Amino acid sequence: MHEHVPMSMRAKFLVHWRANVGMLREKKILALSSFIAILPSLVFGLALWYFDPLSQRRSPATPINLTALLALIGGGMAFWLAVQHLFFVYTMNRYYAPFVRREIALLGMPMCPECGHLLANMQVRRCPECATQIQSNNS
Ligand SMILES: [Zn+2]
């Protein structure tokens, strides 16, 4: 998260708890973000299943080059972890962070739900930073 709001551990926990509950209520966002978050693993899993690099069927006579095999497995895992991490971070910023910012705003620290820009108050119509329309608390 990009926010640098001074908060106690307890307040932070509460904010994330409420953000989680808020996100669980939004089934569409939850389903979409979960899907995007695990997409790399799905793709890698499918690729493994389809190409089956450990299969003995293709060339049973050729001895396995252990170094090449380990490099392939290690490189593949590192690549998968890197891509999976990027997708996860993107999902958190794109879908989860707005819920967190909304809860922080509700605690009395007005903040744009989209970019985290601190606002003078929640009566501001548009975020001066990203021009997102701001919903006031009592709507
Ligand atoms: Zn903004």
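Over all pairs of distinct alpha carbons, what does the Kirkwood formula give as the hydrodynamic radius of the chain, in Å? Each step should come with its number before you reach the end.
Numbers: mean 1/r = 0.0548 Å⁻¹.
Taking every pair of different Cα atoms in the chain, averaging 1/r and inverting gives 18.3 Å.
Using alpha-carbon pairs under 8 Å, 6+ residues apart, how would you state the relative contact order of the chain in percent? Each step should come with its number before you reach the end.
Numbers: 105 pairs, mean separation 32.9, N = 139.
Worked out over the chain, it gives 24 percent.
Report, in deg cm²/dmol and to the nearest 500, the calculated mean residue ellipticity at 222 nm for the chain, where each DSSP H run with n ≥ 4 adds -39500 (n - 2.57) and the sum is divided by the residue count. Let's see the in-between values first.
Numbers: 4 runs with 78 residues, N = 139.
Per the formula, -19000 deg cm²/dmol.
For the pair LEU86/LEU42, report the inter-label distance in nm, with labels modelled 7 Å from Cα in the Cβ direction.
A separation of 1.9 nm, rounded to one decimal place.
Can you tell me how much longer the chain between MET7 and LEU118 gets when fully stretched, taken as 0.36 nm per residue apart minus their C-alpha distance, in nm with one decimal? All intermediate terms of the calculation are to be shown ahead of the outcome.
Details: separation 111, 0.36 × 111 = 39.96 nm, distance 1.46 nm.
Length gained, MET7 through LEU118: 38.5 nm.
What FRET efficiency would be calculated for the residue pair LEU30, ALA68, taking the C-beta separation as r and a Förster radius of 41 Å, to the nearest 0.05?
Numbers: r = 42 Å, r/R0 = 1.02.
The pair LEU30/ALA68 has a calculated efficiency of 0.50.
Every read-out reported here was derived from the displayed coordinates using simple, explicitly stated rules and does not represent laboratory data. Please read all numbers here as calculations on a predicted model, not as lab measurements. Backbone-built Cβ (ideal geometry, glycine too); neighbour counts: all protein chains shown.
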